[in-house]
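In what follows, a single structure is set out as structure tokens and then discussed.
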Amino acid sequence: MNRIDKKFKENKKLLSIYFSAGHPKLEDTVPILKKLQESGVDMVEIGMPFSDPLADGPTIQESSTQALHNGMNTEKLFSQLEGIRKEIDIPLILMGYFNPIMQFGIENFCRRCQLVGIDGLIIPDLPVDVYQEEYKTLFEKYKIYNMFLITPQTSEKRIRYIDKVSNGFIYLVSSASVTGAKNTFGKAQTDYFHRIRQMNLKTPTMVGFGISNAVTYQSAIKESKGAIIGSAFIKFLKNKGVKHIPEFIQSIRK
């Protein structure tokens, strides 16, 4: 069974953390993973830095740019992750854009993911219908899940189709905007979370975009299986460093 499926069978609300590989320092990727697992995080999304991250807000864009300047690339990331399953047992997901994956070679990329123990991918600019028609068989060959995003503007018909195609989880984008931390969610967002829960999808959902503290985390998990934090964690990491990661996790789950 895929580690993501195992995690979602646990009787608890989940916390997933996103960070950009190679940031703040090039060799921070593995130490961050270790410290996150030690801190009780349920799942980690490792961002693959890209020069034109359209869906990302300024914090993640800045971390991605810095990572590229540090020398991070796809081959370097796979090298860093070699042997990671000797130390990390929580689900690991790579999140990034399709262009670098195509340049690397899609089958080669999936093969390397399987070799190092990656459980799934999130590729925001790969449409679900293109995935279904052209790549699903290949991903399944290497036992790699691919998670899709929905927004408040996604039609019910599209959501049902994504639910049919999906495995792992559906990434519930909290608002129709780029990533970035928010202090609270408004009624429109909480109504949207409730509406999706009422659809009784077969695939569990995780809320992302705008979750930055215990208040927004608790609001998100009322209507979903868990929540994903990116920008707020990256800011903390830049300011406090890897060794203080447990402080951040404790502040979210207090």
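Throughout, read-outs are computed from the coordinates displayed, never taken from laboratory work. It should be emphasised that the depicted structure is a prediction, and the values quoted were computed from it without experimental measurement. Note: ideal-geometry Cβ built from the backbone for every residue, glycine included; neighbour counts use all protein chains shown.
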Q. Can you put Ile46, Ile229, Ile106 in order, fewest other beta carbons within 10 Å first?
A. Ile106, Ile46, Ile229
Q: Would you tally the net charge around Pro127, using a Cβ to Cβ cut-off of less than 13 Å, leaving Pro127 out, and scoring K and R as +1, D and E as -1?
A: -2
Q: Provide Leu149, Leu237 in ascending order of the number of other Cβ atoms located within 10 Å of each residue's Cβ, fewest first.
A: Leu149, Leu237
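Can you list the DSSP H helices in the chain whose Cα atoms extend at least 15 Å along the helix axis and whose mean Kyte-Doolittle hydropathy is 0.0 or higher?
Membrane-span-like by this rule: 106-116.
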Q) the stretch 86-124 to the stretch 183-238: how many Å between their Cα centroids? A) 24 Å
Q | Radius of gyration and maximum dimension Dmax of the stretch 67-175, Cα, Å | A | 14.6, 43
Q: Would you mind checking which residues have amide H under 5 Å from Met43's amide H? H placed 1.01 Å from N; only 5 or more apart, or other chain.
A: Leu15, Ile17
Q: Please report, to two decimal places, log10 I(q)/I(0) for the stretch 116-176 at q = 0.13, 0.14, 0.19, 0.30 Å⁻¹ as given by the Debye formula with identical point scatterers on the Cα atoms and no solvent.
A: -0.33, -0.38, -0.69, -1.47
**Q.** Stokes-Einstein D in µm²/s, Kirkwood radius over Cα pairs - the stretch 1-51 at 20 °C with 1.002 mPa s viscosity
**A.** 177 µm²/s
Q) Per Stokes-Einstein, at 4 °C and 1.567 mPa s, what whole-number D in µm² s⁻¹ belongs to the stretch 1-149, with the Kirkwood radius over Cα pairs as the hydrodynamic radius? A) 83 µm²/s
Q) In the stretch 14-253, with Lys and Arg counted as +1 and Asp and Glu as -1 at Cβ, which of these residues, Ile60, Asn167, Asn70, has the Cα nearest the positive end of the dipole, that is, farthest along it? A) Asn167
Q) How big is the charge dipole of the chain about its Cα centre, in debye rounded to the nearest 20, if each Lys and Arg gets +1 on its Cβ and each Asp and Glu gets -1 on its Cβ? A) 880 debye
Q: Grab every C-alpha pair in the stretch 124-231, bin the distances at 5 angstrom width from 0 up to the longest one, and report whole percents.
A: 2, 12, 24, 24, 17, 12, 6, 2, 0
Q: Could you list which residues have their amide H under 5 Å from that of Ser20, counting only those 5 or more apart in sequence or on another chain, with H placed in the peptide plane?
A: Gly47
**Q.** the stretch 9-96 - percent relative contact order, Cα under 8 Å, separation 6 or more
**A.** 41 percent
**Q.** the chain: relative contact order as a whole-number percent, Cα under 8 Å and 6+ apart
**A.** 22 percent
